[in-house]
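Some notes on the structure that comes next.
Throughout, read-outs are computed from the coordinates displayed, never taken from laboratory work. Note that the structure is a prediction, hence the values are computed from the model and not measured. Here Cβ is always computed from backbone atoms with ideal geometry, including for glycine, and neighbour counts include all displayed protein chains.
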Amino acid sequence: MGHKERAMAALSDEKVDTLAAYPIACGVCRKLIGDGGVSYREWCGDPETYAKAFLAGQRRFGLDFAIGLMDLSVMAGDLGAHVRMDEQNTPFVDKHIVSDMEDYEKLAVPDVRKGRTGVLIEGARLLAEKLGDEVVASTFIEGPLLALSQSAGAERLFMDMFTDPAPVHKALKTMTEYDSEIVKAMSQTGIEAICWDYLWGNYSCLGDAEYGEFEGNEYAKRLNRETVEGGMAVAIHNCADLPHLDTQIKKFKPSVYSMAYYPLIEGSPSAGKVIADGYADECVVAGNLDPQLFIRGSVGDVTSATKSLCQEVKTALCKRGLNSRYCIASGCEVPPDINCKLENIDAMVEASRKYGRMDGC
Amino acid sequence: MSKEEIMDRLSDAVVGCKLDLAKAAAQEALDTGVSPIDAINVGLVKGMNIVGERYAAHTVYLPQVLVSARCMYAALDILLPAVPKDQLKDAKRCAAAVVEGDVHDIGKNIVKTMLTAGGCIVSDFGKDVNPEKLVKMAEEAGVDCICLSTLMTPTMDSMKKTLDVLRETGYRSKCTVTIGGPPTSPEFASEIGADHRDLNAQDCIGWLKGAVWHA
């Protein structure tokens, strides 16, 4: 099967030759262009370079999806937060823009055609143009609560949610407008899905009531709806340890749900459990190899972990009467660190093709 | 008001996230001659431990924990200066820090809170802390334990560098080192020579008390 054919079959739970495979290899693909020394700043500051890296990644690894993920400081940075841009590592916010309650109300939606949001949008257009025929091309956007936590600082935001929620809601409305503008622009790029990062829907941080009030009930619901109205599918990424699966899968009804697994944390759901509990009945579940494997493990380690995951998934899918509703993936982005081993990504894809064969239950 | 009632007010203020009540109860404890050590250990710590247990049981969540911690610290600001120095001599001294290159400190702050609730005197070394500077601060503070945190993969190397400097200066033999954060693992802790990888803040204080201090 071709990559897109396999991915589309998985979305419909039709029979596939092998399970779909997608190590979330994004920033690391910059190592495949030029002389291999393209900095993170260069990669995420220019749409041509950004898309070129994804194309090079596709040529080398042969993936079944493409997700245009930059990093989690894009929106906060364009709102005015200072972003620390190390040359070969993931950028992050090191100076927030909310220092008192009034600052929440001062936030204003920036021009999404400018800044790194603009790069993300133009990059998505180029990604869809270059890869749309062979893979399901999508883009990655920070959900409103995540974008606000990046702008205000998570600790401050969480305390303010509890002690003075009204200004926080005003800020979340602004963030949702910002996201909505991005959705509108993305709907014109040719990409087929938006992958929302709704990170804070996890029981290590928020309960159902808190998550519902500050993202799930209103803001995420609107953005999911607008994504679909814009002709794109909804995907969700949540790499937290105890994700709100009932809300984010059964209520949000995404096409793909990408998640991690923390074996040492009690209650963190394994691939087998997620499938057994019926979540793969609802959508393609993607996960859950430890991203650290790609940087710290050997080819043998990656192959072994991928083989083990494939066996767990195949057994669970068969027991559940499902054909293909799982994508062998990393639980979060493959570390874009300069030291990340590309041969480990090769090994994961190769092992997925070999051990993920679906020859019948 | 009886001593017990003041203790309950301190505990209830922390559990109920009432900043003004926590400060008022702390002042009342001092005004009525309650030992500040008792006010901390029997009042505030009891309250924070209740919050910690509820957080572990997923009946309260991070926003409440953070606000409870803020109440506890506000009361501590009033009580600690009144504690006679000799009464603190047996308390374990800990440091919490986010390693160089990383500014994500929410996990570190929760660890700091639970160590404080566990009766430790905690120095907050901050975030993005250079290894040499961190070790110098540890030596100056005379800490028994250092808890290192990072959220990001690239900065895991800063944890290793910090352990390297601790060994080079000879301070490693004088302190316990725990690490935490999503990219870390028990294997990584072993690889860099840390004593323990904390699953979470409760695990950190629980392990220190059980396996190290035998408290």
Residues meeting the amide H criterion for A:Cys195 (H placed from the backbone, H to H distance under 5 Å, 5 or more places apart or on another chain) are A:Thr139, A:Phe140, A:Ile141, A:Ala235
Computed from every Cα-Cα pair in region A:1-158, P(r) in 5 Å bins starting at 0 and rounded to whole percents is 2, 9, 17, 18, 16, 13, 11, 8, 4, 2, 0, 0
Hey, what do the phi angles of region A:180-196 turn into as Karplus ³J(HN,Hα) couplings, whole Hz, using 6.51/-1.76/1.60 and θ = phi - 60°, x for Gly and Pro?
-> 4, 5, 5, 4, 4, 5, 5, 5, 9, 8, x, 6, 9, 7, 10, 9, 8
Quickly rank B:44-50, A:308-314 as a protection proxy: mean count of other C-beta atoms within 10 Å, highest first.
-> B:44-50, A:308-314
When all C-alpha to C-alpha distances in the protein assembly as shown are sorted into bins of 20 Å, what percent of pairs does each bin hold, rounded to whole numbers?
-> 20, 53, 24, 3
Residue by residue, what Karplus-based ³J(HN,Hα) values in Hz, rounded to whole numbers, does region B:40-45 have, using 6.51, -1.76 and 1.60 with θ = phi - 60° and x for Gly and Pro?
-> 6, 6, 8, x, 4, 5
Mean per-residue count of partner chain Cβ within 10 Å for A:154-165 equals 5
Cross-link partners among lysines for A:Lys251, C-alpha distance below 29 Å, same-chain residues fewer than 8 apart left out?
-> A:Lys4, A:Lys15, A:Lys170, A:Lys173, A:Lys184, A:Lys221, A:Lys273, A:Lys314, A:Lys319
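Apply 1/(1 + (r/R0)^6) to the Cβ-Cβ distance of B:Gln27 and A:Lys130, taking R0 = 60 Å, and write down the FRET efficiency to the nearest 0.05. Each step should come with its number before you reach the end.
Values: r = 67 Å, r/R0 = 1.11.
My answer for the efficiency is 0.35.
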Percent antiparallel among DSSP beta bridges with both residues in chain A, to the nearest 5?
-> 15
Within chain A, the cysteines whose Cβ lies no closer than 4.7 Å to any other cysteine Cβ are A:Cys26, A:Cys29, A:Cys44, A:Cys195, A:Cys205, A:Cys283, A:Cys310, A:Cys327, A:Cys340
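Give me a single rounded figure for B:100-112: the average over its residues of other chain Cβ atoms within 10 Å of their Cβ.
Numbers: counts 0, 4, 3, 7, 6, 3, 8, 2, 0, 1, 1, 0, 0.
What the average comes to for B:100-112 is 3.
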Long-range amide H partners of B:Leu199, meaning residues 5 or more apart or on another chain whose placed amide H is closer than 5 Å, are B:Cys204
What's the FRET efficiency of A:Asp86 with A:Lys307 using the Cβ-Cβ distance as r and R₀ = 25 Å, to the nearest 0.05?
-> 0.15
Could you run the Karplus curve 6.51 cos²θ - 1.76 cosθ + 1.60 with θ = phi - 60° over region A:277-291 and give me ³J(HN,Hα) per residue in whole Hz, x for Gly and Pro?
-> 7, x, 6, 6, 5, 8, 6, 6, 9, 10, x, 9, 5, 5, x
Helix B:156-169: angle to the longest alpha-carbon principal axis of chain B, degrees 0 to 90, nearest 10?
-> 90
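In debye, nearest 20: dipole of region A:229-318 around its Cα centre with unit charges on the Cβ of K, R (+) and D, E (-)? Before the final figure, lay out the partial values.
Values: 7 positive and 10 negative charges, 31 e Å.
For this selection, approximately 140 debye.
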To the nearest 20 debye, chain B has a Cα-centred charge dipole, built from +1 on Lys and Arg Cβ and -1 on Asp and Glu Cβ, of 80
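How much FRET efficiency would the formula 1/(1 + (r/R0)^6) give for B:Asp124 and A:Asp17, where r is the Cβ-Cβ distance and R0 is 56 Å, rounded to 0.05? Show your work: numbers first, answer last.
Details: r = 55 Å, r/R0 = 0.98.
That gives a FRET efficiency of 0.55.
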